[in-house]
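No value in this document is a laboratory result; all are computed from the given coordinates. Source: prediction; values computed, not measured. Cβ coordinates were reconstructed from backbone atoms using ideal geometry, including for glycine residues, and neighbour counts include every protein chain displayed.
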Amino acid sequence: MPILMECNDNDILVYADDDVIYGREWLSELYSHFCEFSGEYVVASRIRKMRRNIFGHLRSYNDFPLVADSEILYKDFIITGVGGCMLSRKHILSKFVFTDDYLSLAPKADDIWLSISMQLSGAKVLPCLKAYSQVQQIEHDNFALSSFNTLFKRNTKWNALISKVRNKVLGYLGYSLTMNDKTLKLVISSLKNK
């Protein structure tokens with residue numbers, strides 16, 4: 001995240017995805033939420049809430065529901081790149097900023113790197129659901145990161161039901177079903193030891 005290295009603690013940064021069309025009000029919604037709380041919180045329009053199974057292990061990324069209320073989150077969240085967010089350099093500790101580890105650990109999932117860095121830095125995230133109504137993802141299969149990170153393979157018509165049940169059970173147990181699952185485990189393990 002080179003831009004984080006170059007900015008001051010109170011500079012306002014906008015994180016956005018290149019596979020998305022953002023509506024006219026998207027940025028102003030994020031900014032007004034950000035300013036309403038004097039930049040105390042990272043403000044994001046699309047957030048997944050990490051869930052754990054009865055054994056306390058993380059479930060699959062596919063089982064992480066989207067946050068649908070305005071509750072302030074301080075742990076177990078993933079800000080999705082699609083929705084974008086607004087933050088300041090002060091929301092992430094220097095030890096996570098002045099490194100290029102993300103290039104090897106999460107080269108195609110910088111949203112996971114940022115989210116875990118924020119959590120381990122003690123940052124809190126405020127959902128801005130109004131901004132998400134301004135997000136239109138460009139759907140395509142031509143090497144889109146969203147497809148790459150959330151699917152390992154496409155199922156045929158005949159095994160779709162079996163595959164769905166299998167993935168639900170394995171996902172609940174915490175098996176890695178997607179690249180996001182693998183990346184999340186790798187990033188958490190690496191950053192906790194930093």
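A few points about this structure:
- Relative to the longest principal axis of the Cα atoms of the chain, the long axis of helix 160-173 makes an angle of roughly 60 degrees.
- Backbone phi angles across the stretch 93-103, fed through the Karplus curve with coefficients 6.51, -1.76 and 1.60 (θ = phi - 60°), yield HN-Hα couplings of 4, 4, 5, 8, 8, 8, 7, 10, 4, 4, 5 Hz in residue order; Gly and Pro are listed as x.
- Added length on full extension, which subtracts the Cα-Cα distance from 0.36 nm per residue, Q137 to K108: 8.7 nm
- Charged-residue dipole, Cβ positions (Lys, Arg, Asp, Glu), the chain about Cα centre, Debye nearest 20: 1140 debye
- Calculated FRET value between D9 and D100, using beta carbons and R₀ = 22 Å, to 0.05: 0.60
- Between the listed residues S117, N180, I78, the Cα displaced farthest toward the positive end of the dipole of the stretch 2-192, a dipole computed from Cβ unit charges relative to the Cα centre, is found at N180.
- Charge context of R52, other residues only, Cβ under 14 angstrom, K/R +1, D/E -1: +3
- Take every DSSP beta bridge whose two residues both sit in the chain; close to 85 percent of them are antiparallel.
- Amide H contacts under 5 Å for I47, placed H, 5+ residues apart: V67, T80
- Calculated [222 nm] ellipticity per residue, helices only, for the chain: -10000 deg cm²/dmol; basis is -39500 (n - 2.57) per DSSP H run with n ≥ 4, divided by all residues, nearest 500.
- Taking all Cα pairs closer than 8 Å and separated by 6 or more residues, the relative contact order of the stretch 2-192 comes to 32 percent.
- Close amide-amide hydrogen proximity is noted between S121 and L93, each under 5 Å apart and 5 or more residues distant or on a separate chain (H modeled in the peptide plane; Pro and chain starts excluded).
- Between helix 110-120 and the chain: long-axis angle, C-alpha atoms, 0 to 90°, nearest 10: 70 degrees
- When you filter the chymotrypsin sites (Phe, Trp or Tyr not before Pro) in the stretch 43-135 for DSSP loop state and at most 11 other Cβ atoms inside 10 Å of their Cβ, you are left with F55, F98.
- Per-residue Cβ neighbour counts within 10 Å put D110, D11 in the sequence D11, D110, beginning with the fewest.
- Label-reachable residues, the stretch 96-122, where backbone N falls under 16 Å from a point 7 Å from K90's Cα toward its Cβ: 121-122
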